[in-house]
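The values are calculated or read from the model by the stated rules, or taken from the named source; none is laboratory data. All figures in this text were calculated on a predicted structure; none of them were measured in a lab. All Cβ positions, glycine included, derive from the backbone under ideal geometry; neighbour counts span all protein chains shown. In case anyone asks, the SASA skips ligands and DNA or RNA and just uses the protein heavy atoms, side chains included. Shrake-Rupley method; radii C 1.70, N 1.55, O 1.52, S 1.80 Å.
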Amino acid sequence: MERFFKRKSSLGSSDSVGNSRTSSSRQSELDGVLANLQADLGLRIRMIEYDTNIRDEVRRAYLQKGPCQPRGHSFPQSNISGINRRFIPQWFDEFDWLEYSVSKDAAFCLYCYLFKSNFEQVGSEAFTGAGFKNWKKGRERMKVHVGPVGSVHNKAREAATNLMNQNTHIETAVSKHSEQARVAYRRCLIASIKCIKFLLRQGLSFCGNDESATSSNRGNYLELLQFLADNDEKVKEVVLENAPGNLKLVAPKIQKDIVNACAGETLDVIMSGLKDRLFSILVDEARDISVKEQMAMVLRYVDDKGHVIERFVGVQHVTDTTSSSLKDAIDIFFSSNGLSFSKLRGQGYDGASNMRGELNDLKTKILREQPCAYYVHCFAHQLQLALVAVAKKNIDIASFFTTTNSVVNHVGVSCKRRDALRAQLQEELVIAFENDCLITERGLHQETSLKRAGDTRWSSHYGTIISIISMFSSVIHVLQMIIDNNPNDSAGEANKIQREMLTFQFVFHLFLMKAILGLTNDMSQALQKKNQEIVNAMALVKSCKENLHWMRNNGFDALVEEVSSFCDKHHIDVPNMDDAFVLPGRSRRNAPIKTNRHHYRVELFIYVIDEQLTELDDRFNEVNTELLICLACLSPNDSFVAFDKQKLLRLAQFYPQDFSYGDLLALEDQLELYIHYVCSSSDFFDLQGIGDLAKKMVETRMHRAFNYVYLLITLALVLPVATALVERAFSLMNIIKGPLQNKMGDQWLSDSLLVYVEKDVFDCIENEAIMLRFQNMKPRRGQL
């Protein structure tokens, strides 16, 4: 099974060396070879260069994968006899052995590549050597290549059939299984697959520290298999101690093979859903628990129903995170899964220098190969950077966040203080309930604690601020308890924090950042939705900036009133806004005269909001690019008020590979009919976003009548918005590969994580498909 991201290797040795190797070294070599098979025949090693001990296993792996047929590739034209000709993808349907090499722009025969060296009659090298390129007489030459009965091609095809038919395999001939043995083996294998599917779905470990028969805990896999046996007599008859000694299917290698089969079937379903559609890629990197750099990839496309689909396709350990290495990894993945850069229409990253930089970065390398693969900086990451910049630029806000972190760390440093905080909060809730001033509803007032802010997720600071506000009096009480009971450095720090919290300035910062982060938090959550589209994301940014502008001009008095009410409740002095502002710890003699209102309104409130608006404008500068401005004209909001025919025609010109000159002329006429139809049809009223528009067009079958308009909509939806799914995959990676499983191999991790992330796809895969894939990986002692 060829998997995600494989490295190139130089393989092959003499028969004498191969025969002298031990069984384990041969198996290790075979695993290495199978992990590095190339789908593109132009990049493959010749069969004769493989060690004879592993040659049949390599052939079997290629036959199981099937011929390389990149149907969605844009086949280049060649001048043959004065006429431009190219490879015809319909030939794939007529000749099931036919392969096409993207790297060589040539056709090959899978069977002859694998078995031609077995026969003395070598015949023509057209479909095995340099490849066949005479597209003028392509179909006729392919028929000639097949030839009559007894031709080299047909002999090679027969050899392939015999190799894949285990009934004729030598190991099967030696081991004539009875029907009873076959039934027992199938039942045992199905039981093992069920156990492994359960563990994969739950993200649980397989092995235990002690898997011996006398162990009280033999690991999740063996314990679950024993549980199945204890509850099903038919399973009990064929597993564990009742299975043949060499066919128990409990070895770690067998477990990994079954997991690999599960991942392979899952990836095949994902690739079959993608087909030859237009798509974009989202890539990111992160370290796992064993401090290995892991690279993850997500594919984004629009399905037959107009839904935006994002699919995680695996992780790969990368020792070198340069743009060249990442591009090579993407190339290998595309080649091994029959994907073509000709269908790539977008790329999204987090903005790291090796991905986004202007020179020799991943974005530029891909754009050189596919100019229509437009780059979009992750919107959620840009928002993150905007929040960080505001916190760093203003010393008052930076000091405020330092204080909030000190509050969380000091109060939550020990179990005793956490318990005291919970007890105090519970006591206050009881008093409020007795005084009938507490809103009661299911799910409210559950036990909680101060939320710790994450260093890389500034939206988490919003949760910290909310928890401090809701637990303010309880936090003050715990700090006072620390001061009274701990006459040491801890008491001094607690006293300092308490004094800072019981000031109007701290409370003002608290509610100011709550208001600002509340607006950006809603946008952050919306940007991380799987089906978020670029036009709606642009609208969210615009709405957020408009709300900040409104708050800047109209929100100060309401904020002061809210802060003052909170201060009165907690017995904190509220300064007169018309009095002179005095900065604590500074001499009043040379200080400029200004009122409290001026300080809090101009130097804090307006300044912080202006900084936030400036950062949003600078970070989200892509929304002002011509491409995204044109995309916004597709929006169906407010009865298609944003529709602009000329801008949509200009949008089509950004994709010359999808719109020829004739297509642009047809689009111009089609746009007139389209806007008249959607504005007059009740089916298209009250649509929100181009995602809804795409689904409605498919539902009403208008995607066929307005095919060029629907293509524009598809191109807009394919553009990535945020790398949220990649980030979620990294979060789930910490479940799969945690502190107790930090020795997982890279292939084991990638297979397990793929299945765990794409559970909805994995759940649709039948046990029979996994069983057949596992069985065909290599010769098995048990037969089906």
Problem set entry | region 757-778, subset assigned to a loop (DSSP other than H, G, I, E, B) and open to solvent by less than 40 Å² (accessible area, probe 1.4 Å), residue nearest to LEU200 (Cα to Cα) | GLU758
Problem set entry | For VAL390: the one exception among (1) within 20 Å of THR625 (Cα to Cα); (2) among the β-branched types (Val, Ile, Thr); (3) at pLDDT below 80 | (1)
Problem set entry | Residue satisfying condition, being out of contact with any Pro (no Cβ under 6 Å at 6 or more places or on another chain) and open to solvent by less than 40 Å² (accessible area, probe 1.4 Å), within set ILE54, ILE83 | ILE54
Exercise. Within the set of pairs 6 or more residues apart or between chains, which connect a residue that is farther than 28 Å from ARG650 by Cα inside region 708-732 to a residue that is of a type in the set (Val, Ile, Thr) with Cβ atoms less than 7 Å apart?
Worked result: LEU725/VAL298; VAL726/VAL298; ALA729/VAL757; LEU732/VAL757
Seminar exercise, completed: How many residues of region 559-580 are assigned to a loop (DSSP other than H, G, I, E, B) and within 16 Å of LEU512 (Cβ to Cβ)? The answer is 4
For this session: With respect to LYS363, determine if the residue is of a type outside the set (Asp, Glu), crowded, with 18+ Cβ neighbours inside 10 Å, at pLDDT below 85 and more than 30 Å from HIS703 (Cβ to Cβ).
Result: yes
Seminar exercise, completed: Scanning region 724-757 residue by residue, those under 17 Å from ILE309 (Cα atoms) and touching a strand residue (DSSP E or B) at 6+ places or on another chain (Cβ under 6 Å) turn out to be LEU725, VAL726, ALA729, LEU754, VAL757
For this session: Exactly one condition in (1) open to solvent by 10 Å² or more (accessible area, probe 1.4 Å); (2) of a type in the set (S, T, N, Q); (3) in a helix (DSSP H, G or I); (4) modelled with pLDDT under 80 is not met by ASN590; state its number.
Result: (3)
Exercise. Here is a list of conditions, (1) in a strand (DSSP E or B); (2) modelled with pLDDT under 90, and THR321 meets all of them except one; can you say which number that is?
Worked result: (1)
Exercise. If you take just the helices (runs of 4 or more DSSP H) that sit entirely in region 438-549, which of them hold at least 1 residues that are modelled with pLDDT of 75 or more and under 29 Å from the mean Cα position of the chain (by Cα)?
Worked result: 460-470, 504-527
Problem set entry | Residue check for GLN64: open to solvent by 30 Å² or more (accessible area, probe 1.4 Å) and either closer than 21 Å to THR161 by Cβ or modelled with pLDDT of 70 or more (or both) | yes
Exercise. Yes or no: LEU749 in a helix (DSSP H, G or I) and closer than 30 Å to ILE534 by Cβ?
Worked result: no
For this session: Confirm whether ASP419 is closer than 22 Å to ILE482 by Cβ and modelled with pLDDT of 75 or more.
Result: yes
Exercise. Counting just the residues of region 264-292 that are over 28 Å from PRO739 (Cα atoms) and touching a strand residue (DSSP E or B) at 6+ places or on another chain (Cβ under 6 Å), which one comes out surrounded by the fewest Cβ atoms within 10 Å (Cβ to Cβ)?
Worked result: ARG277
Exercise. When you look at VAL726, is it open to solvent by less than 30 Å² (accessible area, probe 1.4 Å), over 30 Å from MET295 (Cα atoms) and not charged (D, E, K, R), yes or no?
Worked result: no
Exercise. Does ILE258 qualify as being under 19 Å from the mean Cα position of the chain (by Cα) and in contact (Cβ under 8 Å) with a residue 12 or more places away in the chain?
Worked result: no
Seminar exercise, completed: So, first residue on the phi > 0 side of the Ramachandran plot and modelled with pLDDT under 95 in region 189-217, second residue open to solvent by less than 40 Å² (accessible area, probe 1.4 Å) and of a type outside the set (A, V, I, L, M, F, W, C), Cβ within less than 8 Å, six or more apart or across chains; the pairs are GLY203/SER752; GLY203/TYR756
Exercise. For PRO244, which of the numbered conditions (1) surrounded by 15 or more Cβ atoms within 10 Å (Cβ to Cβ); (2) in a loop (DSSP other than H, G, I, E, B) fails to hold?
Worked result: (1)
Exercise. When the residues of region 176-214 are filtered to those that are out of contact with any Leu (no Cβ under 9 Å at 6 or more places or on another chain) and of a type in the set (Ser, Thr, Tyr), which remaining residue is farthest from ILE258 (Cα to Cα)?
Worked result: THR214
Problem set entry | Matching residues in region 594-603 - criterion: being at pLDDT 85 or above and either β-branched (Val, Ile, Thr) or more than 15 Å from ALA558 (Cα to Cα) (or both) | THR595, ASN596, HIS598, HIS599, VAL602, GLU603
Exercise. Just to be sure, is ARG368 open to solvent by 60 Å² or more (accessible area, probe 1.4 Å), over 30 Å from ASN495 (Cα atoms) and modelled with pLDDT of 55 or more?
Worked result: yes
Seminar exercise, completed: ASN734: passes all of (1) over 17 Å from the mean Cα position of the chain (by Cα); (2) open to solvent by 20 Å² or more (accessible area, probe 1.4 Å) but (1)
Exercise. Can you spot a residue in region 522-534 that is touching a Gly at 6+ places or on another chain (Cβ under 8 Å), under 30 Å from VAL641 (Cα atoms), crowded, with 20+ Cβ neighbours inside 10 Å and of a type in the set (A, V, I, L, M)?
Worked result: no
Exercise. Would a scan of region 742-749 turn up a residue that is closer than 15 Å to ALA261 by Cβ, open to solvent by 10 Å² or more (accessible area, probe 1.4 Å) and touching a helix residue (DSSP H, G or I) at 6+ places or on another chain (Cβ under 8 Å)?
Worked result: yes
For this session: List the number of the failed condition for ASP210; all other conditions in (1) closer than 27 Å to LYS737 by Cα; (2) within 34 Å of the chain's Cα centre (by Cα) hold.
Result: (2)
